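Worksheet: the structure to be examined is printed underneath.
The values are calculated or read from the model by the stated rules, or taken from the named source; none is laboratory data. Every value quoted in this text rests on a predicted model; they were computed, and no experiment measured them. Cβ placement follows ideal geometry from the backbone for every residue including glycine, while neighbour counts extend to all protein chains displayed.
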């Protein structure tokens, strides 16, 4: 049986973000030592639900500190990404992690989060 772990780390204040991000990376390393097969990253904006915010950049940091654990994305919110750039970033992550990554994308689950980034029609 394979077990994965879905990360989700809140930070009570911006002053604690760096420490919480370091803790998340250490937890992924520990999960790998325990035999977890996957780590699943989340992508949340504007809510504070994910201290690392940029799941792709965080995944590259995790890839450089781990050897076996697979890095996946619970959700990549496509409205916040340029699709060509996303493909290039995922290809680089695939090479950095020395193995296949898993990614699925969908429209953000909260329309308000998507509206924030859309320019208003004039």
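I'd like the full set of residues that are modelled with pLDDT under 55, surrounded by fewer than 16 Cβ atoms within 10 Å (Cβ to Cβ), over 14 Å from the mean Cα position of the chain (by Cα) and part of a loop (DSSP other than H, G, I, E, B), limited to segment 103-122.
107, 118, 119, 120, 121, 122
Quick check on my filter: what residues within segment 20-59 are surrounded by fewer than 16 Cβ atoms within 10 Å (Cβ to Cβ), under 21 Å from residue 83 (Cα atoms) and modelled with pLDDT of 90 or more?
57
Quick one: residue 10 ticks every box in (1) surrounded by 11 or more Cβ atoms within 10 Å (Cβ to Cβ); (2) at pLDDT 80 or above; (3) not in a loop (DSSP other than H, G, I, E, B) except a single one, so which number is it?
(3)
For segment 63-72, name all the residues that are touching a helix residue (DSSP H, G or I) at 6+ places or on another chain (Cβ under 6 Å) and part of a strand (DSSP E or B).
Passing the criteria: only 71.
Within segment 31-60, how many residues turn out to be in a helix (DSSP H, G or I) and touching a helix residue (DSSP H, G or I) at 6+ places or on another chain (Cβ under 6 Å)?
Qualifying residue count for the region: 3.
Can you find, within segment 75-102, the residue that is modelled with the lowest pLDDT among those that are touching a helix residue (DSSP H, G or I) at 6+ places or on another chain (Cβ under 6 Å) and not in a helix (DSSP H, G or I)?
Per the criteria, the residue is 101.
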